[in-house]
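Q: Once you've had a glance at the structure underneath, I'll fire off some questions.
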Amino acid sequence: MTRRINRNKIVSKMNASQLLRFIELGQCWLLPESEVKRRTALVQDTIIDYSSVSATFDKFFKLKGTAKSIKPALIMVHLRPISDVMLADFIQGLCEFMLFLGSKNEEHAQNCETLMRPSLNKLQEFLESDLWRNLIIGFEVTGEESQTINGMTIPFSPEAILMHIERIGAFPLIADDIASIKSDFMSYNESLYAKKDKSSVFDQLDSLPQFSFDPVVISRVYSECLRFELITVTLVQFILAITLANFTNVVFTPEYKGQHLFYSLSKTMGQSWYTEVTSKSGWRKGTCSGHKQRLEHDKWARALKRLFPESD
């Protein structure tokens, strides 16, 4: 059974910046309900018309497997960038697909691709957007759940799940996909924070702290840096560098991303830490904060921005 998207429920869980972004994306993507109803009726009427004039279409469309091919259109009816013409082309392409199944004529297959590709490209762009992901995450993530590992509590927030989606390169389409990603996120946390000795990574540093930090956030920063091959050090070495504000033994590839990392970390670590870490690295604060435009479309920087949204 398809669950109805409750936009109000999702919006109620957002902070101010998230809400503004949601409204911005919503205005860009989503049509009002009256238009959705009109376009849904258009799709249904078009299917009926094709079924009445094409016995082949009617035969294959009624099969359990191929009938599911109409489901993308039921999402497309919501999307502003997909015009009525593109929607009609999609249905016509679906008809060509049914004709191909009946005849194996490659011309029908080519017509299908030509007609359906523009709307499918827009649909894929929407399904990869934070707007859609926030909507389906809202079905499975309440923001009130958490996971405790070795005395450390890790919250299941929408932001954490979005980050994990990017981390593993997932492509969730429905709420059930989010449930699987949530389970994978739990396993990821267990592997990251599980004790390998009698004491945890963080316990081993009890005698060293000069600067305090949020271990969950810093560990996620480390994970993103490792995933995008910015660093090669271990988690213990990374935390030690954070704690002592000393990255002289850490090599950043490329260097300017290391500078941007310092700038981003300063938002949670504070200006005293920022001053010390840049001084020890021989970098100026102005240089470290000057790479935002250069990294505007960088995937690592985008992942980091989710952790430190105030570092814009």
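What follows draws every value from the coordinates through simple rules; no lab data is involved. Not measured: the values here are computed from a predicted model. Using ideal geometry, Cβ is built from the backbone for each residue, glycine included, and neighbour counts are taken over all protein chains shown.
Q: Take the Cβ-Cβ distance between Leu235 and Phe171 as r, set R0 to 45 Å, and report the resulting FRET efficiency rounded to the nearest 0.05.
A: Details: r = 28 Å, r/R0 = 0.62.
Rounded to the nearest 0.05, the efficiency is 0.95.
Q: Related question: Past 26 Å, Cα to Cα, is the threshold; run Lys182/Lys267; Lys182/Lys305; Lys182/Lys299; Lys122/Lys257; Lys122/Lys267; Lys182/Lys285 against it and keep the listed order.
A: Over 26 Å apart, Cα to Cα: Lys182/Lys267; Lys122/Lys257; Lys122/Lys267; Lys182/Lys285.
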